[in-house]
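Where a number appears in this text, it was derived from the coordinates with a stated rule and is not lab data. Every value quoted in this text rests on a predicted model; they were computed, and no experiment measured them. As a convention, Cβ positions derive from the backbone with ideal geometry for all residues, glycine included, and neighbour counts pool all protein chains shown.
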Amino acid sequence: MQDRIKTLASFALGIAVLVAFIVAGATLIGGIPWVATKLYPIVVPAVRIAFIIDVLALPLALFRSVRGAVSAVLLVSSYIFGLSIWLYSALVAYILWGYWGLSIGLLMTGVGVVPIAFLASIFATQWLVLLEIVVGVVLTFGARIIAVLLASHS
């Protein structure tokens with residue numbers, strides 16, 4: 001009899017832990033759209049400033065002595081671009097596909113939000129949104145690739 005009670009108590013504890021994880025996950029996922037709506041308007045001006053700085057810094061990469069600094073500037077910019085496109089994609093995934101789309105993207109190690117937003121914008125025929133996602137991804141990886149190339153040639 002005591003074994004049955006222990007088994008039942010263990011099962012109840014397991015169910016309680018599972019429910020706690022589901023509630024915590026739902027809270028986390030539910031909070032991401034809120035955080036993205038608060039952070040994205042702050043990040044957009046930072047993206048513009050980073051882009052202008054990149055455009056001004058790239059010609060300086062012709063001089064070997066400052067190539068490392070230009071590489072560092074581009075690398076920092078790539079992270080700013082990446083944060084921006086991630087926040088934008090989280091909002092797009094949430095707006096177009098709801099919590100399910102956002103959850104699927106987050107389950108893909110977090111970075112899956114961008115491909116999910118890409119697919120959601122295609123299926124919703126939101127071509128301008130799709131273009132913005134593509135440009136953001138190109139800016140992110142373009143800046144990062146150029147930064148690595150410059151660092152290796154400095």
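The table below gives the values:
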| item | result |
| --- | --- |
| Rounded FRET efficiency, nearest 0.05, which uses the C-beta distance separating residue 37 from residue 100 and R0 of 25 Å | 0.85 |
| Relative packing of peptides 83-90, 105-112, 60-67 - highest average C-beta neighbours within 10 Å first | 83-90, 105-112, 60-67 |
| Percent RCO, i.e. relative contact order, over segment 86-136, from Cα pairs under 8 Å lying at least 6 residues apart | 35 |
| Computed over segment 31-152: relative contact order in percent, which uses C-alpha pairs under 8 Å that are six or more apart | 31 |
| Stokes-Einstein D for segment 31-152, Kirkwood Rh over Cα pairs, 37 °C, 0.692 mPa s (µm²/s) | 218 |
| Estimated vicinal HN-Hα couplings, Hz - segment 109-116 in sequence order (Karplus 6.51, -1.76, 1.60; Gly, Pro = x) | 6, x, 6, x, 4, 5, x, 5 |
